[in-house]
Amino acid sequence: MELMQIPVTVVILAAGLGTRMKSRQAKVLHRAGGKSLVENVVDTALQLAPAERIFVVVGHQAEDVRKAVATPGIGFIEQKEQKGTGHAVAIGRPVLAGLDGYLLVLYGDSPLLRAETLRRLIHAEAAGDAACVLLTAIMEDPTGYGRVIHDASGAVAAVVEQKAGSPEQLAIREANMGIYCFRADLFWKHAGELTTNNPAGEYYLTDMAEILARAGHRVEAMRIDDAREALGINNRIELAYADRLLRQAKTRELMLAGVTIENPDTVTIDAGVRVGMDTVVAPFAQILGKTTIGENCRIGACSIVQDSQIGDQVEIGPFTVVSRSVVERGASVGPFARLRMENRVRQGAHVGNFVELKKTDLGAGAKASHLTYLGDSRIGAEANIGAGTITCNYDGFEKHPTTIGKGAFIGSNSTIVAPRKIGDGAYTAAGSVITEDVPPDALAVGRARQVVKEEWASKRRQRREPRT
Ligand code: UD1
Ligand code: MG
């Protein structure tokens, strides 16, 4: 049966604080692979069911968790008091019980789950007659996980939590991964039988296994070979581990698609990033957020590119920071440059070392090669911005624009006091403070004339000869 024909409702539990994180922030908001834990799970769920069939149970920092789940159409269920994983699903009855088919329950703290595995779980449930199939793995050290108890027929008889288990039960190495596919009708028929009769005083979702088995239904375990995929993040060591695996998955995906990544373990690339063929990413580069990079680019060592669009054949030099900016085909930026926000560096333009651009449009083929600040500026094509040029765009109250025309030549160390317009083809003399507009093709000189006093230095030295 095709998956899309099997009606599945996905419930993602994300209401807990996660005390073991030792954090003021709810656990599911912590990030791995460039996304919050809960977003990772929601994005996986979206490969299995339409948004209208996905529900996130929120409690701690409910507003922030809702915001972290940006996809429209996803439903939220509020669990005001966290009385356990069973309670978290059961309180959804008013919205969930009317939905037919199957109920897939996931925990918001397991960001490594793959849609492929969940598809197999749903198929296992839909193909047989079990009331529930749950995902399990044989673990080297299952401490902290629920242990899976089988009956003589091989079916699951119960799941016993760490806190409730006898020594013999805790010796079992088959662990509950916390991922379940229930027949929805049977789940809702029996959900009312959950109790808080356990050492934690919580409604354990895991008790549904025993409840369904005792009611004469079959509960099955689907074992996966590698428990890492189902890792539930409970502390920051596991968080770092999940982050590393997600980063590795991303660099592998890009490398298989034709991107060269030097020393991939040092590189940080967010899930939403796209990179074109034959681009080379150097060690320690970070490519973040919704960034797209074209073909045949080089992203230099230790550079950071965030929420930006980079065209083909662009060179981003080492130690360069590019945020919320567009860099067009054939341009080069850096080393040691900063495109702070909302810049456009047009075709073939060059931004060199120790240059900062903010809300600036640098025309095609224009150059700002050294030690410059251009803020709120429009620079014409082929203009040359000399070393040390500064646009004084802020007067203490407001920001003002600077416009520099096509082919203009701004002498080194020019200080342009905005708002100011410099015409096409105009020159400013080196060291000028430009406080008036400059017409096209003119030269503006705004500095004191040089005076040379012959012999001045030697005379001074004579005056200061030490007495002997
Ligand atoms: C759970 C399972 C355990 C399994 C393990 C796998 C239970 C009782 N135990 O334990 O068998 O081996 O996961 O990782 O289910 N949550 C709520 N509301 C609540 C309580 C929890 O939304 O009232 C959410 C949490 O935010 C979290 C998820 O449910 O995202 C799991 O809770 P957690 O406390 O991490 O369960 P574990 O102790 O890991
Ligand atoms: Mg957990």
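Below, the figures for the structure above:
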item	result
Boolean, residue 328 is surrounded by fewer than 20 Cβ atoms within 10 Å (Cβ to Cβ) and more than 13 Å from residue 404 (Cβ to Cβ)	no
Filter result for the condition that a residue is closer than 20 Å to residue 124 by Cα, assigned by TED's automatic domain parsing to the domain that holds residue 42, within 14 Å of ligand 2 (Cβ to nearest atom) and out of contact with any Pro (no Cβ under 8 Å at 6 or more places or on another chain), over 178, 144	178
Hey, residue 28 open to solvent by less than 10 Å² (accessible area, probe 1.4 Å), near ligand 1 (Cβ under 9 Å from one of its atoms), of a type outside the set (Ser, Thr, Tyr) and part of a helix (DSSP H, G or I) or not	yes
Cβ-Cβ under 7 Å pairs, at least 6 apart or on other chains, segment 75-98 side under 14 Å from residue 187 (Cα atoms) and away from ligand 2 (no atom under 16 Å from the Cβ), far side open to solvent by 40 Å² or more (accessible area, probe 1.4 Å) and of a type outside the set (Lys, Arg)	90/203
Cross-chain or 6+ apart pairs with Cβ under 6 Å, segment 137-162 first and charged (D, E, K, R), then within 13 Å of ligand 1 (Cβ to nearest atom) and assigned to a strand (DSSP E or B)	147/160
Scope segment 360-377; condition within 12 Å of residue 402 (Cβ to Cβ) and of a type in the set (Gly, Ala, Ser); matching residues	375, 377
Residue check, residue 128 out of contact with any helix residue (DSSP H, G or I) (no Cβ under 8 Å at 6 or more places or on another chain) and open to solvent by 10 Å² or more (accessible area, probe 1.4 Å)	yes
Subset tally (residues that are within 15 Å of ligand 2 (Cβ to nearest atom) and within 21 Å of residue 9 (Cβ to Cβ)) for segment 38-74	5
Residue within segment 9-23 that is modelled with pLDDT under 95, open to solvent by 10 Å² or more (accessible area, probe 1.4 Å), over 23 Å from residue 187 (Cβ atoms) and among the hydrophobic types (A, V, I, L, M, F, W, C) present	yes
Boolean, residue 270 is among the charged types (D, E, K, R), open to solvent by 50 Å² or more (accessible area, probe 1.4 Å) and outside the structural domain of residue 71 (by TED's automatic domain parsing)	no
Criterion (open to solvent by 70 Å² or more (accessible area, probe 1.4 Å) and either assigned by TED's automatic domain parsing to the domain that holds residue 182 or touching a residue at least 40 places away in the same chain (Cβ under 8 Å) (or both)) met by exactly one of 247, 228, 252	228
Which numbered condition residue 432 misses (of (1) touching a Lys or Arg at 6+ places or on another chain (Cβ under 8 Å); (2) open to solvent by less than 100 Å² (accessible area, probe 1.4 Å); (3) within 22 Å of residue 359 (Cβ to Cβ))	(3)
Flag if residue 121 is in a strand (DSSP E or B) and in contact with a Cys (Cβ under 8 Å, 6 or more places away or on another chain)	no
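The values are calculated or read from the model by the stated rules, or taken from the named source; none is laboratory data. This one's a predicted model, so the numbers in the text were calculated from it and none came from an experiment. As a convention, Cβ positions derive from the backbone with ideal geometry for all residues, glycine included, and neighbour counts pool all protein chains shown. We work out accessible area using only protein heavy atoms, side chains counted, and drop any ligands, DNA or RNA first. Shrake-Rupley method; radii C 1.70, N 1.55, O 1.52, S 1.80 Å.
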